[in-house]
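> Provided herewith is a single structure, encoded as structure tokens, for subsequent inquiry.
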Amino acid sequence: MDIQDSAADLPIQSSQELVSSRVFNAVEETFTFGETGGTLSRIFIQHLSAVAVLAVNEDDEVLLINQYRHPVRMNLWEIPAGLLDVEGEPLLETAQRELAEEADLRAENWYTLTDFYTTPGASDEAIRVYLAQGLSEIPHGERHTRQAEEAEITTAWVPLKEAVEAVLAGKIHNPSAANAILALHAVRTDVGSLRDARAPWPDHPRSSVIRP
């Protein structure tokens, strides 16, 4: 059996913007659903979406960054990530920029590791996670000046096995980090395989304005 998510084009009867911000909009949509043609109404977040990067060094250690997240009042272990907030910038270039800005690193080799929706019952935010290898440090004079919460970022190189154990023990809660770490573990144990860095994602919520 081929297990694969599929697109659904349901008739939208009305759409109303409730809140607008730089990163997301809250909207309420009414749509036709089901064999009986019933009407449903849902409020959800229209999000810019993002990319994330799992950087792995020659010792098979993964780079984790620690950052304060105010909505959950937590300092979370995460991986470099960023919004699709530069008009016309492809997903891969956004990931390369974010790795440089948040980790002061460049990478020679890039792969698509996994794609996911963060909270599909409440938001259309979609995240592509890349695997970055062949790392080199950006010279100090060329590094990005981090601001706000990012100015307090700290980093750690963690053996992949320890990172997997931390996810399964409930010590890492960031979805991009957890998905990336478990996906790489799957690849390392021959359960799955990597995809091309510019693999298509035709059902990405912003596919009309971005490209891999």
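> From R97, R73, grab the single residue that is under 19 Å from H173 (Cβ atoms), modelled with pLDDT of 95 or more and either out of contact with any Gly (no Cβ under 6 Å at 6 or more places or on another chain) or surrounded by 12 or more Cβ atoms within 10 Å (Cβ to Cβ) (or both). It would help to see each step written out before you state the result.
Values: R97 fails: under 19 Å from H173 (Cβ atoms).
It is R73.
> Determine whether the stretch 46-54 contains at least one residue that is open to solvent by less than 70 Å² (accessible area, probe 1.4 Å) and over 30 Å from A100 (Cα atoms). Please lay out each step first, then the result.
Looking only at the stretch 46-54, we keep the residues that are open to solvent by less than 70 Å² (accessible area, probe 1.4 Å), and these are 46-54.
Within this subset, residues satisfying the condition of being over 30 Å from A100 (Cα atoms) are none.
Checked against the condition, which is being open to solvent by less than 70 Å² (accessible area, probe 1.4 Å) and over 30 Å from A100 (Cα atoms), the stretch 46-54 yields no hits at all.
> If V23 meets every condition in (1) under 30 Å from E142 (Cα atoms); (2) out of contact with any Phe, Trp or Tyr (no Cβ under 7 Å at 6 or more places or on another chain); (3) surrounded by 10 or more Cβ atoms within 10 Å (Cβ to Cβ); (4) in the same structural domain as E162 (by the TED database) apart from one, which number is that one?
Single failed check for V23: (4).
> Do we have A166 as modelled with pLDDT of 95 or more, more than 30 Å from S208 (Cβ to Cβ) and in contact with a Gly (Cβ under 8 Å, 6 or more places away or on another chain) here? Quick ask: steps written out before the conclusion?
Values: modelled with pLDDT of 95 or more: yes; more than 30 Å from S208 (Cβ to Cβ): yes; in contact with a Gly (Cβ under 8 Å, 6 or more places away or on another chain): no.
Criteria not met by A166.
The values are calculated or read from the model by the stated rules, or taken from the named source; none is laboratory data. These figures come from a predicted structure and were not determined experimentally. Neighbour counts run over all protein chains shown; Cβ positions are idealised from the backbone, glycine included. Areas reflect the complete protein model, heavy atoms only, side chains present, ligands, DNA and RNA absent. Shrake-Rupley method; radii C 1.70, N 1.55, O 1.52, S 1.80 Å.
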